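A short worksheet on the structure shown next.
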Amino acid sequence: MNTAQKCVSALLNFIDESPSPWHAAHSVEKKLLAHNFQELKETESWSLEKNGHYYLIRDDSSIIAFIMGHKSLAETGYKIIGAHTDSPSLRIKPKAPHYEGSLLRLGVEVYGGPILATFSDRDLSLAGRISYKDNQNIIKTQLVHFKEALLRLPNLAIHMNSKVNAEGLKFHKQNELPLLLSCANEQLPEQRFYKLLEKLTGIDSKQILSWELNVYDTQKGSFWGENQEFYSNSQLDNLASCDAGLQALLDNKLKQPEATLVCAFFDHEEIGSETYKGANGNFLSDTLARIAFNFDEKQENYHRALAMSFMISADMAHAYQPNFPAAYEPNHKVMVNQGPVIKVNENQRYSSESVSAAMFINWCQQEDVPYQQYAHRTDIPCGSTLGPMSSAKLGIRTVDVGNPMWAMHSIRESAGVYDHLNMIKVLRRFFEN
Ligand code: CO
C-alpha cells in the first residue's frame with residue numbers, strides 16, 4: 001500500500017466504526033483522547049491553558065475539538081475547519097414494528113435526501129442510541145450497533161415491474177420503504193423489537209424509553225480500480241471531510257500553534273442545520289466566545305478575533321461521471337484523483353468568494369497539491385453546505401471546498417484515493433500558516 005492508500009484505509013476504518021452520527025462523534029472522541037485531548041462539558045466552568053488540547057460534544061453527535069494558540073486571539077483569530085457527521089438515510093419510527101403479510105416489518109422515516117433506490121437489496125442493519133431509565137430512575141443514553149445484517153428492502157422482481165429500466169427504480173416513501181426484519185409469530189411486534197434491543201444492550205426492555213436508530217449498510221469499505229486508485233463506502237459525504245480535518249488537527253507539528261485551531265463537526269447538516277446542535281445553532285459561536293472570555297479577553301477583542309478568523313467548510317463535491325455528461329457544467333468538470341475542489345456559487349449557496357478562494361489556492365500551491373474549481377450548471381439548482389450559514393452567523397470569512405466523489409447520497413459512494421491525502425495536506429497547511 002502506498003501512503004495515499006494507507007490514509008484511505010484509515011478513513012475506511014473510521015467510517016466502518018461510525019454507522020451513525022452518534023457513533024461518528026464517538027469515533028472522533030476516541031482519536032482525540034488517544035492524542036491527549038481533554039473533555040470539556042458545556043455545563044461546567046472551564047479553565048483553559050495556552051496550547052491546551054480540548055473537545056466538547058453536544059447531544060452525542062456534534063463535536064468541537066480545539067488546540068489553544070499561544071498568541072492572543074485578537075492577533076491571530078481562530079482557524080476553523082467545519083464538516084458534518086450525518087448522512088442521508090432511513091430512520092426507525094417510534095412505533096415502527098408491525099406485522100404485514102405474515103412478516104415483521106419496521107416503518108421508517110426518510111432522513112435528509114438519500115437516493116432511496118440504493119437502499120434496496122443491501123445487507124442493512126441498525127445503529128444509533130437509546131435512552132433508558134436505570135435502577136435509580138436516572139435517564140441514561142447508550143450507543144447501540146447491530147453488527148450483523150438485520151434488515152432488507154427486497155426489490156420487486158422485474159416480472160412485476162417491467163418498466164423499471166426505462167422509468168427508473170422508484171419507492172413510495174410511506175408504502176414501499178418499510179424494512180423486513182423477520183417472520184410473524186404469536187408475540188406482539190413491539191415486544192419482539194424491544195427484546196432485540198435488550199439482547200444487544202443488556203438493558204431490560206421495560207427500562208428502554210426511546211431511540212434514534214439509523215439504517216446503515218453492513219458492507220465494509222473497499223478499494224477498487226485497476227491500481228486500487230478508487231475507494232467506496234457509505235457516508236463519504238461527509239465523514240471523509242471529518243477525517244481529513246481531524247488528521248490535520250492531530251498532526252504532531254501542530255502541538256503548540258500560534259493561532260487557536262478548531263475542528264467543528266456538526267450533526268443535522270442534511271436536514272438544514274437549524275437545530276440545537278446544528279451548524280445554524282449556537283454551538284460554535286458559544287464555544288468560540290467561551291474560549292475568548294476564558295482568557296479575560298475584552299468583548300472588543302473577541303470581535304477582533306472573529307474578524308481575523310478563517311473557516312474552511314469541508315464537504316464533498318460532485319466528480320464528473322462520463323456516463324452522464326449532460327449533468328455537468330462543461331467547463332467545470334471536476335475529476336476524481338485530480339485534487340481538492342473549491343466550490344463557487346454566485347448566489348452564495350457556497351460561501352467561497354474570490355479572496356477566500358485565493359487563500360485556499362495559495363495553500364494548495366504551497367503544498368504542491370493540484371486543485372480544481374467547481375460551479376454547478378446554471379439551469380439546475382445547486383446544493384448547499386454549512387459554510388454560508390455558519391460564516392453569516394459568526395462573521396468569519398469562509399471557503400467551501402471538498403473532494404470530488406461519485407454518487408453523493410447513495411448508500412454506496414465512491415471517490416479517489418489520492419484526493420484524501422492531498423486534502424489532509426492542504427488543511428494541515430492552513431492550520432500551520
Ligand atoms: Co455533505
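Read the figures in this text as sums done on the coordinates, not as results from a lab. The shown structure was predicted, so the numbers you read here are calculated from the model rather than taken from an experiment. Neighbour counts are summed over all protein chains in view; Cβ atoms, including those assigned to glycine, are modelled from backbone coordinates with ideal geometry.
Which of the trypsin sites (Lys or Arg not before Pro) found in the range 339-433 are in a DSSP loop and have at most 14 neighbouring Cβ atoms, other than their own, within 10 Å?
Loop-located and lightly packed - Arg377.
Please list the non-local residues whose amide H lies under 5 Å from the amide H of Gln372, H modeled 1.01 Å from N, same-chain partners needing a gap of 5 or more.
Here Val341, Ile342 satisfy the definition.
Using a 10 angstrom cutoff on alpha carbons, build the Gaussian network for the chain and name the most mobile of Pro381, Pro21, Pro370.
Sorting by GNM fluctuation, first place goes to Pro381.
Computed on alpha carbon atoms, what radius of gyration and Dmax characterise the range 51-103, expressed in Å?
Spelled out, the Cα radius of gyration and Dmax of the range 51-103 are 21.0, 68 Å.
Which GluC sites (Glu not before Pro) in the range 214-278 pass both tests, a DSSP loop state and at most 13 other beta-carbon atoms within 10 Å?
Here the GluC sites (Glu not before Pro) that fit, given the DSSP loop and packing criteria, are Glu226, Glu274.
Can you return the aspartates and glutamates within cross-link range of Lys425? Criterion is Cα-Cα under 15 Å, with same-chain partners fewer than 8 residues away left out.
Within the straight-line limit of under 15 Å, Lys425 reaches these aspartates and glutamates: Asp243, Asp251, Glu367, Asp368.
Which three lengths, in whole Å and largest first, does the chain cover when its Cα atoms are put on their principal axes?
69, 61, 42
Once you place label points 7 Å from the Cα toward the Cβ at Gln365 and Asp134, how far apart are they in nm?
It works out to 5.7 nm between the two label points.
Considering only the chain, what is the antiparallel percent among its DSSP beta bridges, to the nearest 5?
70
What nm distance separates the two modelled labels at Tyr99 and Lys41, each placed 7 Å from Cα along Cα→Cβ?
Taking the simple label geometry, Tyr99 and Lys41 are separated by 4.6 nm.
Lysines near Lys140 by alpha-carbon distance under 29 Å, same-chain residues fewer than 8 away left out - which ones?
The reachable lysines, counting only those whose Cα sits under 29 Å from Lys140, are Lys30, Lys31, Lys41, Lys93, Lys95, Lys195, Lys199, Lys206, Lys277.
Between 0 and 90 degrees, rounded to the nearest ten: what's the tilt of helix 417-432 against the longest Cα principal axis of the chain?
40
So what is the relative contact order of the chain, in percent, for Cα pairs below 8 Å that sit 6 or more residues apart?
This gives 23 percent for the chain.
Under a GNM of the chain (C-alpha, springs under 10 Å), which listed residue has the highest mean-square fluctuation: Ile64, Ile130, Ile15?
Checking each option, the largest mean-square fluctuation is seen for Ile130.
Please give the contour-minus-distance gain from Ser210 to Asp251: 0.36 nm per residue of separation, less the Cα-Cα distance, rounded to one decimal in nm.
Stretched out fully, the Ser210 to Asp251 stretch lengthens by 10.8 nm.
So how much slack lies between Gln174 and Asp121, counting 0.36 nm per residue of separation and subtracting their Cα-Cα distance, in nm?
17.3 nm
Suppose the Debye formula is applied to equal point scatterers at every Cα of the range 89-217; what is log10 I(q)/I(0) at q = 0.15, 0.21 Å⁻¹?
-0.74, -1.29
Which of the trypsin sites (Lys or Arg not before Pro) found in the range 173-235 are in a DSSP loop and have at most 14 neighbouring Cβ atoms, other than their own, within 10 Å?
Passing sites in the range 173-235 are Lys173, Lys220.
Compute the signed sum of charges (Lys and Arg +1, Asp and Glu -1) over the other residues within less than 11 Å, Cβ to Cβ, of Asp368.
For residues surrounding Asp368, the net value is +1.
With r defined as the distance between the Cβ atoms of Glu346 and Val110 and R0 fixed at 41 Å, what FRET efficiency is calculated, to the nearest 0.05?
0.85
Helix-only mean residue ellipticity at 222 nm, the chain, DSSP H runs n ≥ 4 weighted -39,500 (n - 2.57), per residue, nearest 500. What is it?
-8500 deg cm²/dmol
Can you give me the angle between helix 354-367 and the longest principal axis of the chain, using Cα atoms only, in degrees from 0 to 90, rounded to the nearest 10?
On a 0 to 90 degree scale, this one is about 90.
Taking a temperature of 4 °C and a viscosity of 1.567 mPa s, what whole-number D in µm²/s does Stokes-Einstein yield for the range 326-409 with Rh from Kirkwood over alpha carbon pairs?
After rounding, the answer is 96 µm²/s.
Mind giving me the nanometre distance, one decimal, between the label points for Phe295 and Thr378, set 7 Å out from Cα along Cα→Cβ?
Placing both labels 7 Å beyond Cα along the Cβ direction yields 4.7 nm.
Straight-line reach from Lys173: which aspartates and glutamates have a Cα under 16 Å away, not including same-chain ones fewer than 8 places off?
Within the straight-line limit of under 16 Å, Lys173 reaches these aspartates and glutamates: Glu109.
Looking only at Ala166, Ala289, Ala357, which one moves most when the chain is put into a Gaussian network model with springs between Cα atoms under 10 Å?
Ala166
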